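A.B. asks: Mind looking over this structure? Questions follow.
The values are calculated or read from the model by the stated rules, or taken from the named source; none is laboratory data. Being a predicted model, the structure only gives us computed values, none of them experimental. Every residue, glycine as well, gets a Cβ built from its backbone with ideal geometry; the counts of neighbours run over all protein chains shown.
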Number of protein chains: 2
Amino acid sequence: MSNAYNRPDQLSPELRRRVLETARRLGYPGPDPVARSLRTRKAGAVGLLLTENLSYAFRDPAALGFLEGLALACEDAGTGLMLIPASPEREDVAAVHRAGVDGFVVYSVPDDDPHLAAVLERPVPTVVCDQPDIGNVDRVGIDDRSAMYELAQHLIAMGHRRVGVVCMRLARDRNDGYVSVDRQHAAHFHVQRARLAGLAMAFSEAGVDWSKVPVVERFDHNTASGEAAAAQVLDRDPSITALICTSDILALGAMNEAKRRGLRVPEDLTITGFDGIQEAERAGLTTVRQPVLEKGRAAGKLLLDVGERTRPRSVNLSTELITGTTAAAPRTIAEERWFGP
Amino acid sequence: MSNAYNRPDQLSPELRRRVLETARRLGYPGPDPVARSLRTRKAGAVGLLLTENLSYAFRDPAALGFLEGLALACEDAGTGLMLIPASPEREDVAAVHRAGVDGFVVYSVPDDDPHLAAVLERPVPTVVCDQPDIGNVDRVGIDDRSAMYELAQHLIAMGHRRVGVVCMRLARDRNDGYVSVDRQHAAHFHVQRARLAGLAMAFSEAGVDWSKVPVVERFDHNTASGEAAAAQVLDRDPSITALICTSDILALGAMNEAKRRGLRVPEDLTITGFDGIQEAERAGLTTVRQPVLEKGRAAGKLLLDVGERTRPRSVNLSTELITGTTAAAPRTIAEERWFGP
DNA sequence: TGGAGTGACCGTAACGGTTCAGAACCAATT
DNA sequence: AATTGGTTCTGAACCGTTACGGTCACTCCA
């Protein structure tokens, strides 16, 4: 029976024909994939854990790029890709337990997320992305800290010393406003924590008291958040010469806000982003490009690679500083006197 | 055992504690989802069949909107969403057979696609989107024919009689060029067939010989294709006053080409699209908006709705004609004389 | 003609859960 | 003391497949 469908060489054409004919007559719909999976111990699919409203994954360009890369890797391998329903509201971890998959990819979830814990309990290989090294799982990501450090040095070399920072959600609780240094260190999103650490290091080395640098956080990740956050920083600290955003989306929002205030970029205010999404490129944003699609593809490859899985592997992809047209040396008061505002 | 995990009320707390403790000591990782699925006959996931390189789904705004809507419906229901690897190259239908899912959503595949046939053989509920009514499955879509008919009438009312058409892939074979009326009728993509039929009807009624109207097809769906197709039409028929595209993406490409040729839109050339994507709105395109996100959500709801599944249901969503700034009455020769070109 | 070798076919035992019938137990009622 | 009722617990059947070993018939060669 099974052979008739899956191993035609194991039986005579005649018998095969008879079996298939009878099966059809009896209304047999072909082998049941679930039973097959149980027997062969292969589900033929990998799960993607996102802990974010799924629409986020489809609207955020960086997440979308990752998703595409992962999907490509799965397609190459002929494997299904299962999106696990795990919104942040829903504490319900059952979906993770119920998923019939051969492995998980975990994309940028807070390190205290219960879904992540549930995934790690499952006895299947896992690849985490944009997370610190944890447990016995593979990892793929970039060196967020160094990348941001480099960007900061770029600004420092231009002469920026009074800066403000706009960052994404640092933990699962909503905190739309200023961020203490403690909260920065305790951030549960590795990516954000690392980027802030890179900034802190660079500016501290340049003699700037980091604890005095205004850092504001936004829970939602869209341009409206970027606008509001930028407004908050500029209201309290109109004298800053640069606004460093930890994502391009936030930076694009900040650009809008600057424009609304009549601030010229970069003459009056330098704005930088992070990610290197297409919209940022169009806007000429100074930012750090990271290979989001490659990240997804690498995660998929790592998970689907049947090779030796002796010890956890860690893949670091490289980033590139994009010097756009939104960063320039701050004009000094003296210059303002000479050339006018 | 099972009860300890899933039905705490069926046994004493003491026993439950003991069972769980022992399980942990023995390194038992919790119930196996696949075995559970086999027994309960529920996989907790729905499959999405796209027959298109998966990256298409993540790059094309309309497909992306559909995907988002579907994902939202799945998230609401706590169901997983599995992307089935079925690129057009790969004739391999095994992935459809192997997918452990409770149902399928089929999005805009040619009606002779082997993957579609494989899905229909599976004894699980199926919802097709942007397809004609087939077999015993639910359907969700729009009335492409009427929507396009309405758009055509809008142009006809403006006075357009000499028009050209740019359409998407009509079948699985690549045919980048002119399309015979036969091929139009035989198109395997229902959506494209219906839209062309709507145009043919409207223009025939207006006294235009449809068989003389240039219709060019492009296999790939991106702005570059739109540009090339528009060029092809304009090269052969410089006298057309309107270029009707069956998607916004193609229309945006056509706009680029018009600009390159120094043709003003809409003064020299009217261009229309179809879909109502955001980029089109920004460009002020005259187009037909269809509720892509709602389409995805409706498909998901239909599939996940446990209600009576006696006979196939068919959901038609409504569309809206968007009168943008890319369509206007054609200028007559007389007008040209008066006002200059 | 006998024995080994070959290929086709068939029967059965897992895979790991869920479910359900019934056993075992205890308490309350007749 | 025996019956009844109710709860907690145990064991076995079943879901549908694949892997594997065994049977059987047949051929080939000595």
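A.B. asks: If A:GLY103 meets every condition in (1) within 14 Å of another protein chain (Cβ to nearest Cβ); (2) under 15 Å from the mean Cα position of the chain (by Cα) apart from one, which number is that one?
C.D. replies: Status for A:GLY103: all satisfied but (2).
A.B. asks: Go through B:ALA202, B:ALA224, B:ALA186, B:ALA228 for me and flag whichever is within 25 Å of the chain's Cα centre (by Cα), surrounded by fewer than 22 Cβ atoms within 10 Å (Cβ to Cβ), within 20 Å of B:CYS129 (Cα to Cα) and not polar (S, T, N, Q).
C.D. replies: B:ALA186
A.B. asks: Which of (1) within 28 Å of B:VAL315 (Cβ to Cβ); (2) away from DNA strand C (no atom under 16 Å from the Cβ) does B:PRO13 not meet, given it meets every other one?
C.D. replies: Checking B:PRO13 against (1) within 28 Å of B:VAL315 (Cβ to Cβ); (2) away from DNA strand C (no atom under 16 Å from the Cβ), the one that fails is (1).
A.B. asks: OK, next. Mind counting the residues in region B:36-56 that are facing chain A (nearest Cβ under 8 Å), touching a residue at least 40 places away in the same chain (Cβ under 8 Å) and assigned to a helix (DSSP H, G or I)?
C.D. replies: Here the count works out to 1.
A.B. asks: Among the listed residues B:ARG195, B:ARG218, identify the single one that is in contact (Cβ under 8 Å) with a residue 60 or more places away in the chain, of a type in the set (D, E, K, R) and in contact with a strand residue (DSSP E or B) (Cβ under 9 Å, 6 or more places away or on another chain).
C.D. replies: B:ARG195
A.B. asks: Please pick out the residue among B:VAL19, B:VAL96 that is touching a residue at least 24 places away in the same chain (Cβ under 8 Å) and either of a type outside the set (Asp, Glu) or more than 8 Å from chain A (Cβ to nearest Cβ) (or both).
C.D. replies: Just one listed residue meets the conditions, B:VAL96.
A.B. asks: For residues in region A:22-35 being more than 9 Å from chain B (Cβ to nearest Cβ) and surrounded by 13 or more Cβ atoms within 10 Å (Cβ to Cβ), which is farthest from DNA strand C (Cβ to nearest atom)?
C.D. replies: A:TYR28
A.B. asks: Could you list, in sequence order, all residues of region A:196-228 that are over 20 Å from A:HIS185 (Cα atoms), of a type outside the set (Val, Ile, Thr) and in a helix (DSSP H, G or I)?
C.D. replies: Selection gives A:ALA224, A:SER225, A:GLY226, A:GLU227, A:ALA228.
A.B. asks: Just checking, does region A:12-31 include any residue being charged (D, E, K, R), in contact with a helix residue (DSSP H, G or I) (Cβ under 8 Å, 6 or more places away or on another chain) and either under 17 Å from B:MET82 (Cβ atoms) or within 13 Å of DNA strand D (Cβ to nearest atom) (or both)?
C.D. replies: No, there is no match, as no residue in region A:12-31 is charged (D, E, K, R), in contact with a helix residue (DSSP H, G or I) (Cβ under 8 Å, 6 or more places away or on another chain) and either under 17 Å from B:MET82 (Cβ atoms) or within 13 Å of DNA strand D (Cβ to nearest atom) (or both).
A.B. asks: Write out, first by first residue and then by second, each pair whose Cβ atoms fall under 7 Å of each other, whose residues are 6+ apart or on separate chains, and whose first residue, in region A:111-124, is surrounded by fewer than 20 Cβ atoms within 10 Å (Cβ to Cβ) while the second is small (Gly, Ala, Ser) and part of a loop (DSSP other than H, G, I, E, B).
C.D. replies: Filtered contacts from region A:111-124: A:LEU120/A:GLY135; A:GLU121/B:GLY30; A:VAL124/A:GLY103.
A.B. asks: While we're here: Would you call A:PRO61 at negative phi, touching a strand residue (DSSP E or B) at 6+ places or on another chain (Cβ under 9 Å) and facing another protein chain (nearest Cβ under 7 Å)?
C.D. replies: no
A.B. asks: Right, something else. If you take the residues in region B:76-88 that are facing another protein chain (nearest Cβ under 7 Å) and at pLDDT below 95, which one is nearest to A:PRO85 (Cα to Cα)?
C.D. replies: Within region B:76-88, the first condition is being facing another protein chain (nearest Cβ under 7 Å), and the residues that meet it are B:78-85, B:87.
Among the residues that remain, those that are also at pLDDT below 95 are: B:78, B:85, B:87.
Working: B:GLY78: 6, B:PRO85: 20, B:SER87: 25 Å.
Ranking the candidates gives B:GLY78 first.
A.B. asks: Now a separate question. Does B:ALA157 satisfy the condition of being among the hydrophobic types (A, V, I, L, M, F, W, C), out of contact with any strand residue (DSSP E or B) (no Cβ under 7 Å at 6 or more places or on another chain), facing chain A (nearest Cβ under 10 Å) and surrounded by fewer than 23 Cβ atoms within 10 Å (Cβ to Cβ)?
C.D. replies: Answer is no for this residue.
A.B. asks: Could you list all residues from region A:36-60 that are within 13 Å of DNA strand C (Cβ to nearest atom) and among the polar types (S, T, N, Q)?
C.D. replies: Selection gives A:SER37, A:THR40.
A.B. asks: Out of A:ALA71, A:ALA45, A:ALA95, A:ALA62, I need the residue that is crowded, with 18+ Cβ neighbours inside 10 Å, among the aliphatic types (A, V, I, L, M) and in contact with a Pro (Cβ under 6 Å, 6 or more places away or on another chain). Which one?
C.D. replies: A:ALA95
A.B. asks: I would also like to ask the following. I'd like the full set of residues that are charged (D, E, K, R) and either under 20 Å from the mean Cα position of the chain (by Cα) or modelled with pLDDT under 95 (or both), limited to region A:238-266.
C.D. replies: A:ASP248
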